[in-house]
Amino acid sequence: KSYLYPYPYKEITESYAAAYRVDSSLVASVIMNESKFKNDVHSHRGAIGLMQLMPETARWIAGQLEDPDFSLEKLHEPDTNIRYGTWYLSSLKKEFAGNEVLMLAAYNAGRGNVHEWMDTYGWSLDFSAVDEIPYDETRAYVASVLKNKKKYEALY
């Protein structure tokens, strides 16, 4: 089954996951869902690389990490993309008290949308009802990442 769930860049992923205290299976699953581990991909919305980072998010992350060498071109490098994406997941983990459903919804739809949904629908930080996420794409994304995370945990 591992051929269905490839894990290139495993060392980079595990290294940054450990550094930023994020589950490496979650990071691998995000990469699988975002890019199928292809580092040269661009989304129709402009997201770049393995973890499909939006340029403005990546610039903000570069500022947070005080990375003076940042350029959008560097987002095609697995090390930079995984470092930034994993750091971003870590920041979402802190913001949403470790709640993976909310973290992943924010990774996909933006943290502002998730805070709005929390206010509108009265969600707390222990929210877990994936099927109540109002955006179809985000609902499917969160469900897929969580399902694949289980596969990565079992295989690796």
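Being aliphatic (A, V, I, L, M) and under 28 Å from residue 154 (Cβ atoms) is true for just one of 31, 61. Which residue is that?
Details: 61 fails: under 28 Å from residue 154 (Cβ atoms).
So the residue among 31, 61 that is aliphatic (A, V, I, L, M) and under 28 Å from residue 154 (Cβ atoms) is 31.
I'm trying to understand the selection: among the residues of region 68-78, which are open to solvent by 30 Å² or more (accessible area, probe 1.4 Å), touching a residue at least 12 places away in the same chain (Cβ under 8 Å) and not hydrophobic (A, V, I, L, M, F, W, C)? Can you show your working first?
Filtering region 68-78 down to residues open to solvent by 30 Å² or more (accessible area, probe 1.4 Å) leaves 68-74, 76-77.
Now restrict to residues that are touching a residue at least 12 places away in the same chain (Cβ under 8 Å): 70, 72, 76-77.
Matches in region 68-78: 76, 77.
Taking residue 87 as the residue in question, decide whether it is open to solvent by 20 Å² or more (accessible area, probe 1.4 Å) and within 21 Å of residue 152 (Cβ to Cβ).
Values: open to solvent by 20 Å² or more (accessible area, probe 1.4 Å): yes; within 21 Å of residue 152 (Cβ to Cβ): yes.
It is true that residue 87 is open to solvent by 20 Å² or more (accessible area, probe 1.4 Å) and within 21 Å of residue 152 (Cβ to Cβ).
Looking at region 90-104, which of the residues that are open to solvent by 40 Å² or more (accessible area, probe 1.4 Å) and under 11 Å from the mean Cα position of the chain (by Cα) is nearest to residue 141 (Cα to Cα)? Break it down into steps so the answer makes sense when it comes.
Start the filter on region 90-104 by keeping residues that are open to solvent by 40 Å² or more (accessible area, probe 1.4 Å), which leaves 93-95, 97, 100.
Now narrow it down to the ones that are under 11 Å from the mean Cα position of the chain (by Cα): 93, 100.
Working: 93: 17, 100: 12 Å.
Of everything passing the filter in region 90-104, 100 is nearest to residue 141 (Cα to Cα).
Of 34, 73, 66, which residue is on the phi > 0 side of the Ramachandran plot and among the acidic types (Asp, Glu)?
Working: 34 fails: on the phi > 0 side of the Ramachandran plot; 73 fails: on the phi > 0 side of the Ramachandran plot.
None of the others qualify; the one that does is 66.
Please state which one of 33, 81, 99 is out of contact with any His (no Cβ under 8 Å at 6 or more places or on another chain) and free of Cβ contacts under 8 Å to residues at least 40 places away in the same chain. Break it down into steps so the answer makes sense when it comes.
Numbers: 33 fails: free of Cβ contacts under 8 Å to residues at least 40 places away in the same chain; 81 fails: free of Cβ contacts under 8 Å to residues at least 40 places away in the same chain.
Testing whether each residue is out of contact with any His (no Cβ under 8 Å at 6 or more places or on another chain) and free of Cβ contacts under 8 Å to residues at least 40 places away in the same chain leaves just 99.
Of the residues that make up region 105-116, is at least one under 17 Å from the mean Cα position of the chain (by Cα), surrounded by fewer than 21 Cβ atoms within 10 Å (Cβ to Cβ), closer than 17 Å to residue 52 by Cβ and among the hydroxyl-bearing types (Ser, Thr, Tyr)?
Within region 105-116 (the criterion being under 17 Å from the mean Cα position of the chain (by Cα), surrounded by fewer than 21 Cβ atoms within 10 Å (Cβ to Cβ), closer than 17 Å to residue 52 by Cβ and among the hydroxyl-bearing types (Ser, Thr, Tyr)), the answer is no, since none of the residues qualifies.
Only one of these conditions is not met by residue 39: (1) in contact with a Gly (Cβ under 7 Å, 6 or more places away or on another chain); (2) assigned to a helix (DSSP H, G or I); (3) open to solvent by 30 Å² or more (accessible area, probe 1.4 Å). Which number is it?
(2)
Out of curiosity, is residue 43 hydroxyl-bearing (Ser, Thr, Tyr), closer than 24 Å to residue 150 by Cα and within 16 Å of the chain's Cα centre (by Cα)?
Working: hydroxyl-bearing (Ser, Thr, Tyr): yes; closer than 24 Å to residue 150 by Cα: no; within 16 Å of the chain's Cα centre (by Cα): yes.
Spelling it out, it is not the case that residue 43 is hydroxyl-bearing (Ser, Thr, Tyr), closer than 24 Å to residue 150 by Cα and within 16 Å of the chain's Cα centre (by Cα).
Can you tell me which residue among 100, 95, 77 is under 17 Å from residue 147 (Cα atoms) and of a type in the set (Asp, Glu)? Explain how you work it out, then say what you get.
Numbers: 95 fails: under 17 Å from residue 147 (Cα atoms); 77 fails: under 17 Å from residue 147 (Cα atoms).
Selected residue: 100, the only one of 100, 95, 77 that is under 17 Å from residue 147 (Cα atoms) and of a type in the set (Asp, Glu).
List every residue pair whose Cβ atoms lie under 6 Å apart, where the two residues are 6 or more positions apart in sequence or sit on different chains, the first residue falls within region 7-19 and is open to solvent by 60 Å² or more (accessible area, probe 1.4 Å), and the second residue, located anywhere, is in a helix (DSSP H, G or I).
Matching pairs, first to second residue: 9/78; 14/24.
The values are calculated or read from the model by the stated rules, or taken from the named source; none is laboratory data. Every value quoted in this text rests on a predicted model; they were computed, and no experiment measured them. Cβ sites come from the backbone with ideal geometry, for glycine too, and all protein chains shown count toward neighbours. Side chains included, ligands, DNA and RNA excluded: accessible areas come from the protein's heavy atoms. Shrake-Rupley method; radii C 1.70, N 1.55, O 1.52, S 1.80 Å.
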